[in-house]
Each structure stands twice: as C-alpha cells, then as structure tokens.
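The values are calculated or read from the model by the stated rules, or taken from the named source; none is laboratory data. Keep in mind that what you see is a predicted model, and the values were worked out from it rather than measured. Cβ atoms come from the backbone with ideal geometry, glycine included; neighbour counts cover every protein chain shown.
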Amino acid sequence: MTNATTNDPVAPLEGMKDVLPEDVGYWQRLERTAAELFAGYGYREMRVPVVEQTALFRRSIGEFTDIVEKEMFTFADRDGHTQLTLRPEATAGVIRAMIHHGLLHNQKQRVWTSGPMFRGERPQKGRYRQFQQIDVEAFGHEGPDVDAEVILLGARLWQRLGIAGLKLEINSLGTPESRRSYRERLVEYFGAHRDELDADSQRRLGGNPLRILDSKNPAMQKIIAGAPRLADSLDPESRAHFEQLLSLLTGAGLKWEINPRLVRGLDYYTRTVFEWTTDLLGSQSSVCSGGRYDGLVEHLGGAPTPGIGWALGEERVVLVMKELGLPGDVIGPQVYCVVVGEAAGQAAMFLCERLRDAHPGLRIELNLGGGNFKTQFRRADRSGAAVALVLGDDEASRGTVAIRSLRTEGPQVECAQAELAQRLLEWLPALATSARPG
C-alpha cells in the first residue's frame with residue numbers, strides 16, 4: 001500500500017517516455033518539415049479526440065488483432081455503460097469525424113493529423129505505450145495514382161529530413177473476396193501444421209490467419225516460408241492496380257521491393273500495403289506503414305468511399321535521425337542578456353521586449369535570479385547563444401549596452417540601446433531573413 005504522505009518521487013509509468021528539452025529540436029524539425037510538405041501536396045490538417053468509443057476500434061481494426069485483443073487501454077465511462085478507449089491509431093477516428101461532419105459526401109479529401117496513440121505493448125527500443133504518430137489520409141480516389149502519391153509523399157519527407165537508406169517494402173492484399181479465398185487456403189495449410197504452430201498462431205488460425213505470416217518467431221519461419229502465396233490468389237483487377245502502381249513508382253525514380261509476407265496488422269487493409277523499413281533500429285525495423293482501406297468508410301457507417309493512408313512513428317524517425325547524425329531544429333537562444341544591478345535589471349527587461357518587437361523571430365534569454373558576471377557568462381555559454389548583451393547599472397544610466405560574441409574571439413563593443421536592434425543584424429545576419437508573424 002502506497003503511503004500518501006511520502007516525499008519520494010513518483011516514478012514514470014512503464015512504457016511512457018519523457019521528451020526532454022535537448023531532444024525536442026528533433027521532434028520540432030520532423031513536425032515542421034512534415035507540416036510544410038503536406039501543405040505543398042494539398043493535404044489539410046485536422047485534429048481528432050484522443051478518446052473514442054471502444055466499438056469504433058473493434059469495428060475498424062478487427063476483433064482478432066493483437067491490438068484489440070491485448071493492447072488497447074479501455075475503461076468504462078462515468079455512467080458505467082459506455083466503453084471508452086485511448087486511441088491505438090488515428091485512421092478510425094479520422095473516418096469517424098469525416099462521416100459525422102459530412103466531409104465525404106460527393107467530395108475527395110486529403111488530410112493529415114498527428115498526436116499521441118496508446119497501445120499496451122512490451123516497451124522496447126522505439127516502441128512505447130504512449131507514442132506519437134503523424135498520419136496521412138486520402139479519400140475518394142480509386143486509381144493507383146493516389147497510392148503512388150502517398151508513397152512519394154513519404155519518400156520526399158525522408159529526402160527533406162536528410163534520411164537515406166530506408167527501404168520501401170510493398171505488397172497487394174487484393175480485394176476482400178480474393179483475401180477470403182486466400183484465407184481458406186491458409187487455414188487449410190496451417191491447419192495441417194497445427195501442432196507446429198506457436199500459441200499466438202494457433203489462436204490466429206481461427207480468427208485472422210493472415211497475421212500468422214507476420215510472426216517473428218524464428219521457430220515459425222520454415223512453416224511460414226512454405227505457406228501459399230497471396231499473389232497466387234490475387235484477382236485480376238487488383239493485379240492490374242498493383243502493376244500500375246509499381247510502374248508509377250519506378251517512373252518517379254523510387255526503388256521498391258515486393259514483400260509477399262507483408263500483410264499489416266490491421267484487418268481493414270485492401271490491395272496496396274507498404275512499409276518503410278530501416279536496419280538501424282534492431283527488431284523495430286518499420287518507421288512508416290500504410291495501405292489502402294477501400295471498405296472501411298462503409299464499414300463504419302459511411303457511403304462506399306475508397307481510402308488510403310500511412311502513419312509514421314515519431315520516436316522511431318527521431319532515433320533514425322540521431323543514428324544518422326542529422327540535426328534537429330535549434331531551439332536555444334541566439335542572444336543571452338547578462339545583467340547586474342537593480343536599475344539594470346529593469347532596463348534589461350524592457351530592452352529585451354523592445355528587441356522582440358523589432359525582431360519577432362529573435363530568440364533572446366534574459367538572465368533571471370541574479371548572479372555575478374562570471375556566473376552569468378557561464379549560463380550564457382551553456383545556453384548555446386551566439387551573442388551576449390551586457391548591461392550593468394552604469395550602462396543603464398547612460399542608455400548603452402555592450403555586445404560580446406560568445407563563440408568567436410573579438411572585443412566587446414558598446415552601442416546605444418536605441419541602436420541595438422539595427423546593430424544586432426550585423427552580429428546575427430539570420431535575423432534579416434527570420435520569419436515574421438502573419
């Protein structure tokens with residue numbers, strides 16, 4: 001029993017990760033780059049709730065998936081009658097919102113969303129129980145051209161981030177009808193090897209035998225290798241769709257590899273499925289996954305509407321960025337204001353505000369809490385700022401301020417406070433091109 005009066009620190013929950021200030025720059029660069037890229041392709045942002053009715057995910061993801069059976073965080077509402085779930089993925093919520101607000105009625109939509117998702121998985125490198133996803137969805141497009149676009153959208157994101165070496169694995173699951181035919185062949189094959197299946201695969205055999213192909217159990221790989229191939233059950237229309245897609249990707253200069261065992265973990269996928277993978281993260285090789293879900297909108301109560309999308313795990317992409325030595329956004333100050341003296345403290349606060357008015361993109365940190373010059377310059381150096389402003393009571397009385405470079409050798413220069421905004425352009429040329437609000 002926990003002692004309510006203890007002063008011991010409260011430990012974080014298992015599988016929940018704190019993102020500390022020194023890492024936030026990576027996340028900001030990823031999210032900023034993605035938002036700019038999506039806008040350039042005509043994808044608009046939308047935001048959906050973190051909590052949905054449990055029935056939404058049971059209907060969309062599938063009763064016999066690991067997510068629904070073992071991983072969802074589900075609880076009763078206050079009335080005790082409604083089951084609620086912290087969203088394990090974004091697509092179902094996006095579709096629910098599209099249907100509810102009538103956004104799919106005789107319309108095509110390209111949207112994206114982002115935020116935390118929740119799955120009760122075993123925590124490991126790049127996999128947490130709360131994780132951040134960026135999610136892209138396109139509705140109302142039947143042809144393979146939209147499949148190519150969403151895949152190329154991912155490829156261009158890696159390009160803009162500077163991420164090289166990701167591999168695109170792709171497959172086609174065909175229509176629900178061809179999948180049912182394939183499912184029967186799998187049940188027959190794996191049923192004949194039931195005694196050789198592990199417990200998870202035996203359970204999946206009666207619900208979703210395609211998921212057996214996804215097993216990572218080394219002891220299962222020989223049996224899986226002998227299983228019937230989905231390509232042999234593919235309907236002609238899906239085969240033509242897939243071949244056209246591959247031709248479009250090749251024409252765009254994109255390399256791909258067909259993975260006949262790629263089936264994805266969610267029941268709603270049809271036809272195209274794909275993953276971007278890396279060998280930098282050990283067993284957690286997938287950084288971005290997606291595919292078509294042409295029957296899902298109708299299954300969730302909307303009119304028949306084709307759809308396709310992908311989601312990337314931000315934690316994994318950030319890990320890849322770090323492994324490759326790529327930079328994050330710089331979020332520390334450009335200028336650190338060193339101030340000693342009561343009159344100087346008040347003058348410095350007003351001076352910093354005037355500089356922020358003159359340069360809305362300026363990142364300036366004012367020393368707070370006192371300290372002598374030596375202590376404050378240590379803080380300034382640790383902040384990563386390029387320039388220090390020095391203001392004591394004497395400078396405050398004369399309306400001046402000193403400027404000193406923190407990263408290069410050179411003399412300290414004094415100037416009038418009224419001229420400081422202009423003089424900073426000489427010390428920080430990037431200010432001249434920094435973004436202005438609006």
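Pick from region 321-338 the residues that are β-branched (Val, Ile, Thr) and at pLDDT 95 or above: which of them is surrounded by the fewest Cβ atoms within 10 Å (Cβ to Cβ)?
Here the residue is 338.
Which of the helices (runs of 4 or more DSSP H) found entirely inside region 284-398 contain at least 3 residues meeting this: assigned by TED's automatic domain parsing to the domain that holds residue 56?
Because the criterion is at least 3 residues that are assigned by TED's automatic domain parsing to the domain that holds residue 56, the helices (runs of 4 or more DSSP H) in region 284-398 that meet it are 296-299, 314-323.
Check residue 141 against each of (1) assigned to a helix (DSSP H, G or I); (2) within 25 Å of residue 256 (Cα to Cα); (3) not charged (D, E, K, R) and name the one condition it does not meet.
Condition (1) is where residue 141 drops out.
Filter region 315-356 for residues that are among the aromatic types (Phe, Trp, Tyr) and free of Cβ contacts under 8 Å to residues at least 40 places away in the same chain and give the result.
Scanning region 315-356 gives a single hit, 350.
Looking at 120, 165, 154, which one is among the small types (Gly, Ala, Ser) and either in contact with a Pro (Cβ under 8 Å, 6 or more places away or on another chain) or in a helix (DSSP H, G or I) (or both)?
Just one listed residue meets the conditions, 154.
Just give me the residues in region 56-100 being of a type in the set (S, T, N, Q) and in contact with a strand residue (DSSP E or B) (Cβ under 8 Å, 6 or more places away or on another chain), in sequence order.
Across region 56-100, the qualifying residues are 74, 82, 83, 85, 91.
Which of (1) assigned to a loop (DSSP other than H, G, I, E, B); (2) closer than 22 Å to residue 211 by Cα; (3) among the small types (Gly, Ala, Ser) does residue 92 not meet, given it meets every other one?
For residue 92, the failing item is (1).
Could you check region 28-55 and list, in sequence order, the residues that are touching a Gly at 6+ places or on another chain (Cβ under 8 Å), touching a residue at least 60 places away in the same chain (Cβ under 8 Å) and surrounded by fewer than 17 Cβ atoms within 10 Å (Cβ to Cβ)?
Residues satisfying the conditions are 28, 47, 50.
Would you be able to tell me the number of residues in region 52-87 that are among the acidic types (Asp, Glu) and modelled with pLDDT of 85 or more?
Taking region 52-87 and keeping what is among the acidic types (Asp, Glu), we get 52, 63, 66, 69, 71, 77, 79.
Restricting the remaining residues to those that are modelled with pLDDT of 85 or more gives 52, 77.
Counting residues in region 52-87 that are among the acidic types (Asp, Glu) and modelled with pLDDT of 85 or more gives 2.
Any residue at all in region 203-214 that is surrounded by fewer than 20 Cβ atoms within 10 Å (Cβ to Cβ), in contact (Cβ under 8 Å) with a residue 12 or more places away in the chain and within 24 Å of the chain's Cα centre (by Cα)?
Within region 203-214, one or more residues are surrounded by fewer than 20 Cβ atoms within 10 Å (Cβ to Cβ), in contact (Cβ under 8 Å) with a residue 12 or more places away in the chain and within 24 Å of the chain's Cα centre (by Cα).
Determine whether residue 30 is in the same structural domain as residue 311 (by TED's automatic domain parsing), in contact with a Lys or Arg (Cβ under 7 Å, 6 or more places away or on another chain) and in a helix (DSSP H, G or I).
no
Report yes if residue 341 is over 28 Å from residue 27 (Cβ atoms) and surrounded by fewer than 19 Cβ atoms within 10 Å (Cβ to Cβ), otherwise no.
Yes; evaluated as a whole, the condition is true for this residue.
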